[in-house]
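The values are calculated or read from the model by the stated rules, or taken from the named source; none is laboratory data. Model, not experiment: these values are computed from the prediction. A quick note on method: Cβ atoms are made from the backbone with ideal geometry, for glycine too, and the neighbour counts reach across all protein chains shown. SASA here: full protein model, heavy atoms, side chains in, ligands and nucleic acids out. Shrake-Rupley method; radii C 1.70, N 1.55, O 1.52, S 1.80 Å.
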Amino acid sequence: MPLAEATTPSLEALKAYSTGMRGLNSSANYPTAIPFFQRAVEIDPKFAMAHASLGIASSTLGETVLAAQSATRAWQLRDRVTDRERFFVDFTYDRQVTGNLERAYQTLESWLRTYPRGEAPTNA
């Protein structure tokens, strides 16, 4: 992704995040991806998508406290993401923090209606 389209101004944070995403997209290797997401948020604490991705990855490993903390931080930073990324952040927050699975499902339905070709967030 071009840096101009990223929701972080840090090339180093984007590289760490992208490395984590490549690991998830190629082999769903959550334990390997987590350190890259953690590095991305260390470099840019306002990188909402890195926080959201860290939340999802942590959740899959049963790290519920880290998952909730990361999803909450992403949700607090949701004004810094694209419209498409906001769907992911909102879904993650409802799934990991509020436990409102009905609203999480509604977010996924809205995402599908808005992006019917199934486009994921730009840097996810």
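Some values worked out for this structure:
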read-out: Enumeration of residues in the stretch 94-116 that are over 22 Å from S58 (Cα atoms) and of a type in the set (D, E); value: E109
read-out: Any hit, the stretch 72-89, residues being touching a Leu at 6+ places or on another chain (Cβ under 7 Å), buried (at least 20 other Cβ atoms within 10 Å of the Cβ) and not in a loop (DSSP other than H, G, I, E, B); value: no
read-out: Failed criterion for D94 (all others in (1) crowded, with 17+ Cβ neighbours inside 10 Å; (2) under 25 Å from I43 (Cβ atoms); (3) among the acidic types (D, E) hold); value: (2)
read-out: Enumeration of residues in the stretch 62-77 that are under 13 Å from the mean Cα position of the chain (by Cα) and farther than 10 Å from H51 by Cβ; value: A67, A68
read-out: Check on A67, open to solvent by less than 50 Å² (accessible area, probe 1.4 Å) and either touching a residue at least 24 places away in the same chain (Cβ under 8 Å) or assigned to a loop (DSSP other than H, G, I, E, B) (or both); value: yes
read-out: Every residue from the stretch 50-64 that is hydroxyl-bearing (S, T, Y) and open to solvent by 10 Å² or more (accessible area, probe 1.4 Å); value: S59, T60, T64
read-out: Qualifying positions in the stretch 16-62 - farther than 19 Å from F87 by Cα, part of a loop (DSSP other than H, G, I, E, B) and out of contact with any His (no Cβ under 9 Å at 6 or more places or on another chain); value: A28, N29, D44, L61, G62
read-out: Residue pairs meeting the criteria (Cβ under 6 Å; at least 6 apart or on separate chains; first open to solvent by less than 70 Å² (accessible area, probe 1.4 Å), in the stretch 97-124; second of a type in the set (V, I, T) and modelled with pLDDT of 95 or more); value: V97/T72
read-out: Scan of the stretch 12-36 for residues that are of a type in the set (G, A, S) and open to solvent by 70 Å² or more (accessible area, probe 1.4 Å), ordered by number; value: S26, S27
